[in-house]
Amino acid sequence: MYKTGTDIRKARLLLEEEELVAIPTETVYGLAANALQPMAVAKIFEAKQRPHFDPLIIHTNSLEKVYHYVTEIPPALLSLAKAFWPGPLTLLLPRKPVIPDLVTAGLDTVAVRIPRHELTLALLSELDFPLAAPSANPFGYISPTTAGHVHAQLGEKVDYILDGGPCEVGLESTIVGIENDEVCIYRLGGLSVPDIEAVAGPAILKISLSSNPKAPGQLKSHYAPRKPLLLGNLQELDRQHADSKTGVICFGEFRSLNPQAIIKNLSVTRNYKEAAAHLFAMLRELDESDCELIIAALLPGEYLGLAINDRLSRAAAGSHDII
Ligand code: TXA
Ligand code: MG
């Protein structure tokens, strides 16, 4: 793993040369490049095999710098920025022309966030450009929450992986914007809806579960393991597939009837934060194990359970055709 380390200077030099560097954040690892250079940004799309209609988030380390890239921050969004940055919040803001079309897929808004990770904040503070960074996984696959995950999948395509340890939050940022003076949430993530509403007032959920490219990045099938993932009542699924080698994702105590089952518990104590931090790594472990299929149940639809359910549903969406 010679490509992995904690050398901020090396990361900076590579980024200044318009190369790709994987960076740790509190949510998931990002695949970063200079957001102001279309040729550098193009490398991200190439490495991830990501469709160009799916816009990227830019990352920087201060509110002052954010104003270099956006024309304004509406008051409701500014109060969210002040409350939650650095943190798992992405804001959709009207962009300045300095942001290339490739970053925004031609939209008038740019997605911006200040991530909460010491190493990456130190790196960003030394750069005079923002970093465009999607999750550092091949398009459509499970997002990476360790440097090892990045290395396993994009190791060949990335010049350096800045290792900041396992991601603390484990789910992508919550994406928030404003339409007709109303705060809208476009992607559920590491910041819960009540957290947002406590600061910005009532918010409208605009989460799409379609395969409509007009809702970028919100494709129905995403975050998906290669093995089939079935969602439903866990006891029933366990009984139905008692003859197969299953991988089980559970939340709180679960006793399988299947002696072959590999059990992964998101949180024995039913703690949502812990479950969020474990979700992607456990899906990956099961995908890499010798189980034939993965079974899971949705969590209660409250707090971070909503965002976890969003990821589980999209991860399962492709499996109907397989089974
Ligand atoms: O936590 C995160 O947000 C991570 C870390 C690395 O920061 N990044 C991440 O990026 O999840 P990505 O590319 O996997 O997801 C970004 C999503 C896009 O798929 C799209 O849905 C949305 O952000 N997005 C970006 N710009 C947008 C825009 N101008 N309008 C609407 N949605 C946008
Ligand atoms: Mg992603």
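The values are calculated or read from the model by the stated rules, or taken from the named source; none is laboratory data. Predicted model only: the values in this text are computed from it and were never measured. Note that each Cβ is placed from the backbone with ideal geometry, even for glycine, and that neighbours are counted across all protein chains shown. Keep in mind that these areas ignore ligands, DNA and RNA; they rest on the heavy atoms of the full protein, side chains included. Shrake-Rupley method; radii C 1.70, N 1.55, O 1.52, S 1.80 Å.
Checking THR174 against (1) farther than 20 Å from ILE73 by Cα; (2) within 16 Å of ligand 2 (Cβ to nearest atom), which test does it fail?
THR174 satisfies all of (1) farther than 20 Å from ILE73 by Cα; (2) within 16 Å of ligand 2 (Cβ to nearest atom) except (1).
Among the residues of the range 173-195, which ones are touching a residue at least 60 places away in the same chain (Cβ under 8 Å) and in contact with a Lys or Arg (Cβ under 7 Å, 6 or more places away or on another chain)?
SER173, THR174, ILE175, TYR186
Can you run down the residue pairs with Cβ atoms below 9 Å, 6 or more apart or on separate chains, where the first is in the range 108-134 and of a type in the set (Phe, Trp, Tyr) and the partner is more than 9 Å from ligand 1 (Cβ to nearest atom) and part of a loop (DSSP other than H, G, I, E, B)?
Filtered contacts from the range 108-134: PHE129/ALA35; PHE129/LEU36; PHE129/GLN37; PHE129/THR60.
Being in a loop (DSSP other than H, G, I, E, B), free of Cβ contacts under 8 Å to residues at least 60 places away in the same chain, open to solvent by 10 Å² or more (accessible area, probe 1.4 Å) and more than 16 Å from ligand 2 (Cβ to nearest atom) is true for just one of GLU72, GLU64. Which residue is that?
Going through GLU72, GLU64 in turn, just one is in a loop (DSSP other than H, G, I, E, B), free of Cβ contacts under 8 Å to residues at least 60 places away in the same chain, open to solvent by 10 Å² or more (accessible area, probe 1.4 Å) and more than 16 Å from ligand 2 (Cβ to nearest atom): GLU72.
Report yes if SER135 is over 15 Å from LEU80 (Cβ atoms), in contact with a Leu (Cβ under 8 Å, 6 or more places away or on another chain) and hydroxyl-bearing (Ser, Thr, Tyr), otherwise no.
Details: over 15 Å from LEU80 (Cβ atoms): yes; in contact with a Leu (Cβ under 8 Å, 6 or more places away or on another chain): yes; hydroxyl-bearing (Ser, Thr, Tyr): yes.
Answer is yes for this residue.
Criterion first (open to solvent by 30 Å² or more (accessible area, probe 1.4 Å) and under 21 Å from GLU126 (Cβ atoms)) does GLN37 satisfy it?
Judged against the criteria, GLN37 is a match.
Six or more apart or on different chains, Cβ atoms under 8 Å: show the pairs whose first residue is in the range 6-28 and polar (S, T, N, Q) and whose second is part of a helix (DSSP H, G or I).
Filtered contacts from the range 6-28: THR6/LEU119; THR25/THR120.
Check whether at least one residue in the range 147-163 is under 12 Å from the mean Cα position of the chain (by Cα), open to solvent by less than 30 Å² (accessible area, probe 1.4 Å) and either in contact (Cβ under 8 Å) with a residue 40 or more places away in the chain or within 21 Å of PRO86 (Cα to Cα) (or both), and report yes or no.
no
Which residues, taken from the range 93-146, are more than 20 Å from GLU172 (Cβ to Cβ) and open to solvent by less than 10 Å² (accessible area, probe 1.4 Å)?
ILE99, LEU127, listed by residue number.
LEU230 - would you say it is at pLDDT 95 or above and in contact with a Ser or Thr (Cβ under 8 Å, 6 or more places away or on another chain)?
Criteria met by LEU230.
Kindly provide the set of residues from the range 8-47 that are under 18 Å from GLY155 (Cα atoms), in contact with a Leu (Cβ under 8 Å, 6 or more places away or on another chain) and not in a helix (DSSP H, G or I), ordered by number.
LEU20, VAL21, ALA22, ILE23, PRO24, VAL28, GLY30, LEU31, ALA32, ALA33
Sort out which residues of the range 104-153 are away from ligand 2 (no atom under 16 Å from the Cβ), assigned to a loop (DSSP other than H, G, I, E, B) and within 21 Å of ARG311 (Cβ to Cβ), and write them in order of number.
ARG116, HIS117
Do we find that VAL183 is in contact with a strand residue (DSSP E or B) (Cβ under 9 Å, 6 or more places away or on another chain) and farther than 22 Å from ALA277 by Cβ in this structure?
Working: in contact with a strand residue (DSSP E or B) (Cβ under 9 Å, 6 or more places away or on another chain): yes; farther than 22 Å from ALA277 by Cβ: yes.
For VAL183, the condition - in contact with a strand residue (DSSP E or B) (Cβ under 9 Å, 6 or more places away or on another chain) and farther than 22 Å from ALA277 by Cβ - is met.
Kindly list the number of the only condition in (1) touching a Phe, Trp or Tyr at 6+ places or on another chain (Cβ under 8 Å); (2) surrounded by 14 or more Cβ atoms within 10 Å (Cβ to Cβ) that fails for GLN49.
(2)
Within the range 3-17, is even one residue β-branched (Val, Ile, Thr), modelled with pLDDT of 95 or more and open to solvent by less than 20 Å² (accessible area, probe 1.4 Å)?
Filtering the range 3-17 for residues β-branched (Val, Ile, Thr) gives 4, 6, 8.
This time we only want the ones that are modelled with pLDDT of 95 or more, so: 4, 6, 8.
Subsequent filtering for residues that are open to solvent by less than 20 Å² (accessible area, probe 1.4 Å) retains none.
No, the range 3-17 has no match at all.
For the range 280-309, give me each residue that is in contact with a strand residue (DSSP E or B) (Cβ under 8 Å, 6 or more places away or on another chain) and open to solvent by less than 60 Å² (accessible area, probe 1.4 Å).
Across the range 280-309, the qualifying residues are MET282, LEU283, LEU286, ASP287, SER289, CYS291, LEU293, ILE294, ILE295, ALA296, ALA297, ALA307.
Select the strands (runs of 3 or more DSSP E) contained entirely in the range 215-323, then report the ones holding at least 1 residues which are of a type in the set (Ser, Thr, Tyr).
Those strands (runs of 3 or more DSSP E) span 246-250.
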